[in-house]
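These notes concern the structure reproduced below.
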């Protein structure tokens, strides 16, 4: 399965994602520069973390207008799996490929830590190997990670099953203390209505091996490989 990792000026999680895919999954992956306009050769897309364009104006606001994002939108519309991590999540909301917005952390401080998240939705390509209610330990590193939608949209996300991950305690409880940035309803990740586009603030690519602190993130990245198996069968590959 061929992974395209979309890279902008200021990205700093691109090589983390590259190594997680190549070393953790044993799959081919390439960095894709922000000027690229054709992503059709990739089976899935990762938009990594960092500070695209220096986070000027606000996080993800300038990257949203990069040429590559028109290609990302086309592939997303075609049903291709897309995962936005941290700044990638911010970019996807700015591009209106995901609902909501990412605001300054409630503490107004940059937060770098390990957190627990609970799997809320397994109908996406990025969570289909997981179990509803399963707990994952993942790292975070962000200053603008407070997920926000209005109350009406929140109810719609709940109804449609678009909340994918929530911040929780180590025993799975949704509490204010478990919420590292003040996100509404402890939301750590969401998907689009179709489920093929997912964004989350924690970094699964930085948790692909126990030698780097944990390997729970690899379970998220590996889930998409089932899509690759389906593609291979459709191409007559055994």
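With contacts taken as Cα pairs under 8 Å at a separation of at least 6 residues, the stretch 3-234 carries a relative contact order of 20 percent. With Cα atoms defining each centre, the stretch 178-217 and the stretch 1-48 are spaced 18 Å apart in the structure. Considering the stretch 41-178, its Cα convex hull presents a mean projected area of 9.0 nm². With contacts taken as Cα pairs under 8 Å and at least 6 residues apart, the stretch 1-51 reaches a relative contact order of 59 percent.
Computed over the stretch 3-234, the P(r) curve from all C-alpha pair distances, binned at 5 Å from the origin, holds 1, 7, 16, 21, 22, 18, 10, 3, 1, 0 percent per bin. For the chain, DSSP calls about 60 percent of its internal beta bridges antiparallel. The stretch 125-168 and the stretch 94-113 have Cα centres spaced 13 Å apart. The ranking of 85, 140 by Cβ neighbour count inside 10 Å, starting from the fewest, reads 140, 85. Packing order of peptides 32-42, 9-19, highest average first: 9-19, 32-42 (average count of other Cβ atoms within 10 Å over each peptide's residues).
For a quick protection proxy, order the peptides 43-50, 56-63, 1-8 by their average other-Cβ count within 10 Å, most packed first.
Details: 43-50: 26.5, 56-63: 19.4, 1-8: 23.2.
Sorting 43-50, 56-63, 1-8 by mean packing, highest first, produces 43-50, 1-8, 56-63.
One equal scatterer on each Cα of the stretch 107-177, no solvent, Debye formula: the resulting log10 I(q)/I(0) at q = 0.13, 0.19, 0.23 Å⁻¹ is -0.44, -0.93, -1.21.
Just so you know, all these numbers are worked out from the coordinates, no wet-lab data involved. Quick caveat, the model's predicted, so the values are computed rather than measured. Here the Cβ is made from the backbone with ideal geometry for all residues, glycine too, and neighbour counts use every protein chain on show.
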